[in-house]
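Readers should treat all values here as calculations from the given coordinates under stated rules, not as data from a laboratory. Given the structure is predicted, the values throughout are model-derived calculations rather than measurements. Ideal geometry is used to build each Cβ from the backbone, glycine not excepted, and the neighbour counts take in all protein chains shown.
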Amino acid sequence: MSRLTVDARSAGAVINRNLYGNFSEHLGHCIYGGVFVGEDSAIPNVNGMRTDVVEALRAIRLPVLRWPGGCFADEYHWKDGIGPRGQRKKMVNTHWGGVTEDNSFGTHEFMELCRQIGCEPYINGNLGSGTVQEMSEWMEYLTFDGVSPMAQLRAANGHPDPWRVKYFGVGNENWGCGGNMRPSFYADNYRRYQTYVRSYGENRVFKIACGPNGDDYDWTREVMEIAGRYMQGLSLHYYTVGGTWEHKHSATQFTREEYYELLEKALFMEELIVKHTAVMDRFDPEHRVGLVVDEWGTWHQVEPGTDPGFLYQQNTMRDALVAAVTLNIFNRHADRVVMANLAQLVNVLQAVLLTRDDRMVKTPTYHVFDLYQEHQDARLLACALDTGAAGAGGHAVPALSASASVDADGEVHITVANLADQGAEELELRLEGCRPREIRGRILAGKPADRNDFDCPSRVEPRACTVRPEGEAWRVMLPGCSVAALTVR
Ligand code: AHR
């Protein structure tokens, strides 16, 4: 048996709703076919955006969406994606399959997508191959309310009113696909480019600098030292890769050892956040700069028969567990982590949704975001978890992972995952500082390789679970490979 004690009086940092954000890149069928089908499509849509996808994202209260990349962002020239669609300049998407990008989804379409979902846009600018002027003009085009060349161009393209864009990334992975820069060179460029990313009127820009690749603490140190005072956010990218980058494991066929290897790698996120936070603390002890984990998630072999450049992978209960433990880690570090964006939204990597023609599937990962949504903007509660270990083949993980929060109405929300691939674990739950009348539970459970697909879209779905009082405590049985959300009333 494991024991979890939650101190209901300990309300700490606000869990920024943006920890539950997502990422959409011009990659494979994320944008085209995934969210955008065009107004003339037979697939139900509003202004070209798939109705099923928009509705599913509204249901999990998607708070923020990053676009247009990724590596694509540092090759993207935004002016090619405005104006009459038929006249837009085409380009080669060199990173992702070498396909022709016709730019039919551009700035106006992205802002329309965010409007329909009801989420904040997070736009990533091009520092790798774009100019300072181009980046500056994009923000003017988006947000300037008045007479200016870019505001007039926006009006001529059918949108006289400015949009509100808070989150802006100044380059992506500039240590790699975004220009192969060294940290000091990037940091100086960041200082220069961000100078011209203006806050117009009431639109206050939250500028996000390109941060480290995984455990590259030197990058964090140098960028913070040179440019820390010019940014509000610093990004971190970390993917959970089964096997090696050269030889990745399958998304759906894996051994027990590979299951635990993947979870062990997912849990490395905690060490990354702690260590990068320690480096940031040297230059920013007040935590003015937020850590923005704007790319995270599992990266497996592509599905057999699909274009290797499209990064299309299936998504199982194992991926759901990766999401659950990672989101618990983000919650627990809400004092420094202010945003996170799962890679990616639809049809790419650890997608929350998969589409095929007019059909759509909610993945197990989608259901984790559903179960965790009550944490958005709630305040973190202190937890003490006493649990054993699970593992196989030299890979060991804690049996359970948990986090807890209290919302504005005083309801306590607890999310807990059983990482064991098999074997139920009973959890004894104690709440300090409150006397619950009832605790309601929902649980997502299955075998590690269980998944939803187009023939069987509801194989894995949350169901109600019983949490029973026992003296001063409460007890719930968590099947192996499960994720539960408990609401205390
Ligand atoms: O998400 C896929 C790619 O992974 C992104 O384009 C890039 O930023 C990262 O390397």
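How would you rank 301-308, 363-370, highest first, on the average number of other Cβ atoms within 10 Å across their residues?
Listed from highest to lowest mean packing, they are 363-370, 301-308.
At each listed q (0.14 Å⁻¹), what is the log10 of I(q)/I(0) that the Debye formula gives for the range 16-377 modelled as equal alpha-carbon point scatterers?
So the normalised log intensities work out to -1.20.
Provide the FRET efficiency to the nearest 0.05 for the residue 199-residue 382 pair, computing r from the beta carbons and using R0 = 56 Å.
For residue 199 and residue 382, the calculated efficiency is 0.95.
Just to check, using Stokes-Einstein with a Kirkwood Rh over alpha carbon pairs, what's the diffusion coefficient of the range 173-266 at 10 °C and 1.306 mPa s in µm²/s?
102 µm²/s
Mind listing the lone cysteines of the chain, meaning no other Cys beta-carbon sits under 4.7 Å from theirs?
When partners are defined as cysteine Cβ atoms under 4.7 Å apart, the chain leaves 30, 114, 119, 210, 383, 434, 456, 465, 481 without one.
What is the calculated FRET efficiency for residue 358 to residue 459, with r their C-beta to C-beta distance and R₀ = 22 Å, to the nearest 0.05?
Calculated transfer efficiency: 0.65.
So which GluC sites (Glu not before Pro) in the range 385-489 pass both tests, a DSSP loop state and at most 16 other Cβ atoms within 10 Å of the Cβ?
411, 438, 472
Against the longest alpha carbon principal axis of the chain, how many degrees, from 0 to 90 and to the nearest 10, is the axis of helix 107-117 turned?
Tilt of helix 107-117: around 30 degrees.
Counting just the Cα atoms, what span does the range 314-435 cover along each of its three principal axes? Round to the nearest Å and put the largest first.
The Cα atoms of the range 314-435 stretch 52, 41, 26 Å along their principal axes.
By how many degrees, 0 to 90 and rounded to 10, does the Cα axis of helix 317-332 deviate from the longest principal axis of the chain?
Tilt relative to the chain: about 80 degrees.
Here are some pairs, 89/207; 79/166; 79/248; 265/447; which of them have Cα atoms lying more than 27 Å apart in this structure?
89/207; 79/248
Using only Cα atoms, what Kirkwood radius does the range 382-488 have, in angstroms?
Taking the inverse mean of 1/r over all distinct Cα pairs, the range 382-488 comes out at 15.0 Å.
Can you pull the one-decimal nm distance between simple spin-label points at residue 3 and residue 59, each 7 Å off the Cα toward Cβ?
3.9 nm
Report, to two decimal places, the Cα Rg of the range 251-338 normalised by 2.2 N^0.38 Å (N = number of residues).
Normalised Cα radius of gyration, the range 251-338: 1.32.
Apply 1/(1 + (r/R0)^6) to the Cβ-Cβ distance of residue 155 and residue 14, taking R0 = 45 Å, and write down the FRET efficiency to the nearest 0.05.
That gives a FRET efficiency of 0.75.
At 222 nm, what value in deg cm²/dmol follows for the chain if DSSP H runs of at least 4 each add -39500 (n - 2.57) and the sum is divided by all its residues, to the nearest 500?
Mean residue ellipticity at 222 nm (helix-derived): -7500 deg cm²/dmol.
Just the number, please: Stokes-Einstein D of the range 374-415 in µm²/s, Kirkwood Rh from C-alpha pairs, 37 °C, 0.692 mPa s.
After rounding, the answer is 275 µm²/s.
Any chance you could give the angle, 0 to 90 degrees and rounded to 10, that helix 183-195 forms with the longest Cα principal axis of the chain?
Tilt relative to the chain: about 60 degrees.
Using Cα positions and a limit of under 13 Å, work out the aspartates and glutamates in reach of residue 90, with same-chain residues fewer than 8 apart set aside.
Within the straight-line cut-off, residue 90 pairs with 75, 80, 101, 102.
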